[in-house]
């Protein structure tokens, strides 16, 4: 076209310039988005490399996406460990007021079971890997969130949302959760390069969440292994203690009994004077009694710990149980010159619901224990009604206990250091059995002492009625 022709068609140049400007504007817009996307991807990469928990990482990710892309709402939700529910880890917004409201939701408090009809859940129940576009926020979030936003005047921003895009998060064909974008634009009209930008963000988010999940699983497994290792060590300690007890408490009377029985089998008993023979027979009886006591303690401990006991609960007059225990053990106290006093309350106590046999075992054990570790003075027993409970206090003037040992004494095969030297024939299960029986009756047992040489008080508290 000649210069004359150009001058005759001035509109032609104007159209060309406008087309060039439009193309430049389009390219500049695309470049701006790409620059923003690169900056966001770099930030998300830094977040993914940090040693954050999954919850904290999710919060950092959605906040970065919401701010950089100016979305009304962005959220990350993951499938729980069993794949039964979708849990929202974090929500964010580019709107300051809404961001404040969303930050109040603790991680994993918003949930939707996989049977829910939410689109956010539905896309994870199948094999769909493509994003889902929905109108507004319909099918994106649980009803509780949307209702809460209405209650705190956050609905104005939500109402501006035209559409939401739900992207499934997958890693190596394994469903992790969903990443959602809610905008005041129609996300269906996103340009090709905007889709590419979002897909890059989704891919990096999937990787970040997968790494966080692996890290979280590793921490959980490490914690479980640590707990299992601790439990195993405790079991090994118990086994060692049991073998220690077996080698002393069981072997000693067994060796003695075997020696006596061998003498009898060889006819040596017949040659002994009557008094000496009776003494040896008494020693045999004592050894058998000691063995029987230890074996019974072991069996009781196993039954109590296994929960296989069948308590026969009935109305019990507790004073009668205590008096019966005192009659059984009074001779031992008299031999040592110790007092054993039962100070009853002013009026008879009401009956309580309990198994009388096991209750008797508790007080026999406590009163017998008090005698073993008391060299002078005696033991006082008091029983009082306190509200809907009866408290029994057994106080001795014996050797006392170091305060650092008290919390350990109710464990299996555990005895105080000083008591081990004074009495070597115990099983180390007495207090464990007492505690288990009392707790099976929905009661409490406490051990109190002001220190070594200052005596001990056992407090047993039992409810009047058992739950039905």
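Of the residues in the stretch 367-410, how many are touching a strand residue (DSSP E or B) at 6+ places or on another chain (Cβ under 7 Å) and either over 15 Å from residue 455 (Cα atoms) or not assigned by TED's automatic domain parsing to the domain that holds residue 454 (or both)?
9
Checking residue 158 against (1) over 15 Å from residue 91 (Cβ atoms); (2) at pLDDT below 80; (3) crowded, with 19+ Cβ neighbours inside 10 Å, which test does it fail?
(1)
Working only within the stretch 164-184, note down all residues that are out of contact with any strand residue (DSSP E or B) (no Cβ under 7 Å at 6 or more places or on another chain) and at pLDDT below 85. Reasoning before the result, please.
Taking the stretch 164-184 as the starting set, the residues that turn out to be out of contact with any strand residue (DSSP E or B) (no Cβ under 7 Å at 6 or more places or on another chain) are 171-174, 184.
Of everything in the stretch 164-184, those that are out of contact with any strand residue (DSSP E or B) (no Cβ under 7 Å at 6 or more places or on another chain) and at pLDDT below 85 turn out to be 171, 172, 173, 174.
Restricted to the stretch 42-56, and to residues that are more than 24 Å from the chain's Cα centre (by Cα) and under 25 Å from residue 123 (Cα atoms), which residue is surrounded by the most Cβ atoms within 10 Å (Cβ to Cβ)?
Among those that are more than 24 Å from the chain's Cα centre (by Cα) and under 25 Å from residue 123 (Cα atoms), it is 44.
Here's the yes/no breakdown for (1) surrounded by fewer than 18 Cβ atoms within 10 Å (Cβ to Cβ); (2) within 29 Å of the chain's Cα centre (by Cα):
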position: 142; (1), (2): no, yes
position: 163; (1), (2): no, no
position: 169; (1), (2): no, no
position: 176; (1), (2): no, yes
position: 180; (1), (2): no, no
position: 188; (1), (2): yes, no
position: 196; (1), (2): yes, no
position: 222; (1), (2): yes, yes
position: 226; (1), (2): yes, yes
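The values are calculated or read from the model by the stated rules, or taken from the named source; none is laboratory data. Remember, predicted model here, so these are calculated numbers, not experimental data. Using ideal geometry, Cβ is built from the backbone for each residue, glycine included, and neighbour counts are taken over all protein chains shown.
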